[in-house]
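To start, the structure itself, in structure tokens.
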Amino acid sequence: MTRSFHTRVHPSLDDVPIGALLGVLILLISLSAFFSASETGMMALNRYRLKHLAESGHRGARIAERLLQHPDRLLGTILLGNNLVNNAAAVVTSVLALKLYGEVALAVAAFLITLVILVFAEVPPKTLAALHPERVAFPAAFVLHAIQKVAYPLVWLVNVLSNGVLRLFGVHLYRAGEQLGAEELRTVVKEASTMIPRSHQSMLLRILDLEEITVDDVLIPRAEIEAIDIDDDWEDIVIQLGTSHHTRLPVYQGTLDNVIGVLHLRKALHLIQRNEFDKESLKRIMREPYFIPEGSALTQQLLALQSKRRRFGLVVDEYGDLKGLVTIEEILEEIVGEFTGHVPGIAEDVHVEKDGSYLVKGNANIRDLNRKMGWELPTDGPKTLNGLILEYLEDIPEPGTRLQLAGYPVEVVQTKGTAVTVSRLRDREQARVEQAVEAS
């Protein structure tokens, strides 16, 4: 009697056609690919974009967001399905190996099914899902939601057991929602440069920078404040009001450290038209001044000026002496860039020379210079160029003194008393070119 070459499998499986087994195997591998892609796609979703789409009414996004609220259940559902189909695929492969080549082929079959699952059901689906998470995750969310409902008892049991293991190692299952700090938000804005116009991106970054800026960085210095001395002759006050380039002026008595009010010129004009304008009426229409402590955060004062409906505030130091004036325009320029025109009669801070150098006024604000000229002068110390030069030299320089500030060649051109009034600056690139020419 001739012995059969093939080892017979279970009688109920031995009658199943090989074509049917191959079809089942392909189906199982496809299901494995689905679960693998679903896992990566769901976990790779941008949580903030997902929330936006869900609030916009996107059904797939809403279901995906609901599933991700319990990641342990979601992963339990996906991994349960993935392991079931992978194990079933291994069993079907073993049956095929026994039917075709006998027991000697089982070891080779185990290796082959592992390779097939990796090549067709793991790496490519997960790579695709990582590259296009929304295209994969949103359709998959409908299927995963249905599976989670049908298999909930089994998923619940798996989660109870797995969560128990995590608790043994002191792992907390639920954590607070992800929160982005200023640095993370700055990175997000920079990475979104292809979707956000450059001007908008710049404004968003400046808003984030406001947290690090104080009123001292943007104030108009005391020496540049235009104000009315109530003790002046009435004719001089009227002339000053008629020639002022501002609509609101501080009013003081004797000294700028004694500001008694703020005058709106429009109100004064109404009194002039009725021939009722004198010192007493001027005092009646003045508004109480708003004082700001030095070192206050710019964001805080922006909100305060907005709530109090003020256009400017007076910055005072710890002794109550006036340091300067902060306008809402100066604060807004920190966000949107310079937008107000220059007041007639006031010279520019920077003048470009024919040789490419820049003549800069000593009282020029360093932050303004950096913003307008694209320079990188240090801003963590003095607020003006004069202050920066004096701090570096620790002395009052003579005209012609040369120094390097953060890589920028500086020459003192003019001084007055104890201050540098005009300096000549060259940008870094120009200085490097000139040094290379001199060296050659």
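The values are calculated or read from the model by the stated rules, or taken from the named source; none is laboratory data. In this text the structure is predicted, and so the values were computed from the model without any measurement. Using ideal geometry, Cβ is built from the backbone for each residue, glycine included, and neighbour counts are taken over all protein chains shown.
For the stretch 313-339, filtering for residues that are touching a Lys or Arg at 6+ places or on another chain (Cβ under 7 Å) and of a type in the set (A, V, I, L, M, F, W, C) leaves 5. Of all residue pairs spaced 6 or more apart or on separate chains, those with beta-carbon atoms under 7 Å, a first member in the stretch 64-93 that is in the same structural domain as Ala140 (by TED's automatic domain parsing) and a second member that is not in a helix (DSSP H, G or I) and not charged (D, E, K, R) are Ala64/Leu45; Asp72/Leu173; Thr77/Ala151; Leu80/Ala151.
Do the conditions hold for Ser32, that is, is it in contact (Cβ under 8 Å) with a residue 12 or more places away in the chain, among the polar types (S, T, N, Q), in a helix (DSSP H, G or I) and surrounded by fewer than 19 Cβ atoms within 10 Å (Cβ to Cβ)? No. Annotation: Gly295 fulfils all but one of (1) touching a residue at least 24 places away in the same chain (Cβ under 8 Å); (2) in a helix (DSSP H, G or I); (3) exposed (fewer than 15 other Cβ atoms within 10 Å of the Cβ); the unmet one is (2). Taking every residue in the stretch 148-166 that is over 21 Å from Ala64 (Cβ atoms) and of a type in the set (A, V, I, L, M) and pairing it with any residue that is surrounded by 13 or more Cβ atoms within 10 Å (Cβ to Cβ) and modelled with pLDDT under 85, at least 6 positions away or on another chain, the pairs with Cβ-Cβ distances below 9 Å are Leu166/Asp72. The set of residues in the stretch 221-242 being in a helix (DSSP H, G or I) and either surrounded by 13 or more Cβ atoms within 10 Å (Cβ to Cβ) or not acidic (Asp, Glu) (or both) consists of Arg222, Ala223, Trp234, Ile237, Val238, Ile239, Gln240, Leu241, Gly242. In the stretch 391-414, the qualifying residues are those that are at pLDDT 90 or above and of a type in the set (Val, Ile, Thr), and the one that is nearest to Gly381 (Cα to Cα) is Val410. Taking first residues from the stretch 124-145 that are crowded, with 19+ Cβ neighbours inside 10 Å and partners that are outside any helix (DSSP H, G or I), the Cβ contacts under 7 Å between residues at least 6 apart in sequence or on separate chains come to Pro133/Leu45; Glu134/Leu45; Ala137/Leu45. Within the stretch 305-332, the set of residues being free of Cβ contacts under 8 Å to residues at least 40 places away in the same chain, in a helix (DSSP H, G or I) and surrounded by 15 or more Cβ atoms within 10 Å (Cβ to Cβ) comprises Leu305, Ile328.
Of the residues making up the stretch 243-263, one or more are part of a helix (DSSP H, G or I) and in the same structural domain as Leu305 (by TED's automatic domain parsing).
Tell me the residue from Val251, Val189, Val218, Val259 that is at pLDDT below 75, surrounded by 13 or more Cβ atoms within 10 Å (Cβ to Cβ) and within 25 Å of Leu302 (Cα to Cα), please. Spell out how you get there, then give the answer.
Working: Val251 fails: at pLDDT below 75; Val218 fails: at pLDDT below 75; Val259 fails: at pLDDT below 75.
Testing whether each residue is at pLDDT below 75, surrounded by 13 or more Cβ atoms within 10 Å (Cβ to Cβ) and within 25 Å of Leu302 (Cα to Cα) leaves just Val189.
Applying the condition of being within 34 Å of the chain's Cα centre (by Cα) and modelled with pLDDT of 85 or more to the stretch 415-435 and asking which residue is surrounded by the most Cβ atoms within 10 Å (Cβ to Cβ) yields Leu425.
Restricting Glu235, Glu224, Glu183 to residues that are at pLDDT below 75 and either among the charged types (D, E, K, R) or not assigned by TED's automatic domain parsing to the domain that holds His70 (or both) narrows the list to Glu183.
In summary, Leu100 fulfils each of the numbered conditions (1) more than 15 Å from Ala129 (Cβ to Cβ); (2) surrounded by 14 or more Cβ atoms within 10 Å (Cβ to Cβ); (3) among the aliphatic types (A, V, I, L, M) with the single exception of condition (2). The stretch 47-120 holds helices (runs of 4 or more DSSP H) entirely within its bounds, and those carrying 2 or more residues that are modelled with pLDDT of 85 or more and of a type in the set (S, T, N, Q) map to 71-101.
Can you tell me which residue among Arg284, Arg311, Arg367 is in contact with a helix residue (DSSP H, G or I) (Cβ under 7 Å, 6 or more places away or on another chain), more than 30 Å from Ser423 (Cα to Cα) and not hydrophobic (A, V, I, L, M, F, W, C)? Lay out the reasoning, then the answer.
Details: Arg284 fails: in contact with a helix residue (DSSP H, G or I) (Cβ under 7 Å, 6 or more places away or on another chain); Arg367 fails: more than 30 Å from Ser423 (Cα to Cα).
On inspection, the qualifying residue turns out to be Arg311.
Within the stretch 123-150, take every residue that is of a type in the set (Val, Ile, Thr) and more than 30 Å from the chain's Cα centre (by Cα) and give me the one that is nearest to Leu84 (Cα to Cα). It comes out as Ile147.
Yes/no per residue for (1) without any contact (Cβ under 8 Å) to a residue 24 or more places away in the chain; (2) assigned by TED's automatic domain parsing to the domain that holds Val218; (3) under 19 Å from Arg432 (Cα atoms):
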position	(1), (2), (3)
Asp355	yes, no, yes
Asn363	no, no, no
Trp375	no, no, yes
Leu390	no, no, no
Asp395	yes, no, no
Thr418	yes, no, no
